[in-house]
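Everything on this sheet refers to the single structure shown next.
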Amino acid sequence: MTYVISDIHGEYEKYLSMLKLIEFSDNDDMYIIGDCIDRGDGSVKLLRDMSGRSNVFPIVGNHELMALDILDKLLVEITEENADSHLNTDTMMALAQWQSNGGGPTLAQFKALTSDERFLLLDYLKDFSPYEIIDVGERTFILVHSGLGNYRKGKKLREYSLQELCCIRPDYGIRYFDDNNVYIVSGHTPTLAITGKPEIYHNSNNILIDCGATFSGRLACLRLDDMKEFYV
């Protein structure tokens, strides 16, 4: 079976509960479409679990982008020669933005790791895909964190920037592909903000699965084989 989860946001225990609920096994595949980290207090434990599973496939979200921008710099030894250029105003602003968006717990957990553990975790984050296209039965699914931002008809997926795929909210009322069997599955925008309900949202072959796990909602999982929904 093939499953998709989004926006876990460090809710490690909910993630484990979901794996138990769906009876996730080595014969299944799991795609996690961005924002694994931040806000919750289990980001590092979550990343360690994901990285140890060959059948879990991570896709980058805007929180991973923010984290990478800072964590990469923290691994560089500060010297007299690079201090002015490395810890500049832009870096401090990026750090402040990340922390104001829930990056504080992730940073604290990262600092508690050994140097080798930090490098391994950072390398794992850098390997997250910008998107995935998979076929399940008769359906094709485009898995991406926020959607196709700055969409225009005929624009190839490879032409979208990471900002467009991870940060910009598209129009979920648009059917982006003429083929009725092509679906876009995304997170980023909590369904609570659209319908007021912590439930997976379907509209015009757009499927939103961020149900606000780290807020007042639930962690959602969609099984693509039969479109069955799971919640914890």
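Overview of values
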{"item": "Among residues of region 15-46, those that are surrounded by fewer than 17 Cβ atoms within 10 Å (Cβ to Cβ) and of a type in the set (A, V, I, L, M, F, W, C), counted", "result": "2"}
{"item": "Among the residues listed as T195, T191, the single one being farther than 18 Å from F57 by Cβ, surrounded by 18 or more Cβ atoms within 10 Å (Cβ to Cβ) and of a type in the set (S, T, N, Q)", "result": "T191"}
{"item": "Conditions (1) assigned to a loop (DSSP other than H, G, I, E, B); (2) more than 22 Å from D210 (Cα to Cα); (3) of a type outside the set (G, A, S); number of the one not met by F119", "result": "(1)"}
{"item": "Residue in region 35-42 that is farther than 14 Å from H145 by Cβ, at pLDDT 95 or above, over 16 Å from the mean Cα position of the chain (by Cα) and not hydrophobic (A, V, I, L, M, F, W, C) present", "result": "no"}
{"item": "Yes/no for D135 being acidic (D, E), surrounded by fewer than 13 Cβ atoms within 10 Å (Cβ to Cβ) and either within 24 Å of H9 (Cα to Cα) or in contact (Cβ under 8 Å) with a residue 60 or more places away in the chain (or both)", "result": "no"}
{"item": "Check on T189, over 19 Å from the mean Cα position of the chain (by Cα), over 22 Å from L21 (Cα atoms), polar (S, T, N, Q) and modelled with pLDDT of 95 or more", "result": "no"}
{"item": "Any chance H202 is surrounded by fewer than 19 Cβ atoms within 10 Å (Cβ to Cβ) and not hydrophobic (A, V, I, L, M, F, W, C)", "result": "yes"}
{"item": "Condition check for T140: touching a His at 6+ places or on another chain (Cβ under 6 Å) and under 21 Å from I32 (Cβ atoms)", "result": "no"}
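The values are calculated or read from the model by the stated rules, or taken from the named source; none is laboratory data. Note that the structure is a prediction, hence the values are computed from the model and not measured. Note that each Cβ is placed from the backbone with ideal geometry, even for glycine, and that neighbours are counted across all protein chains shown.
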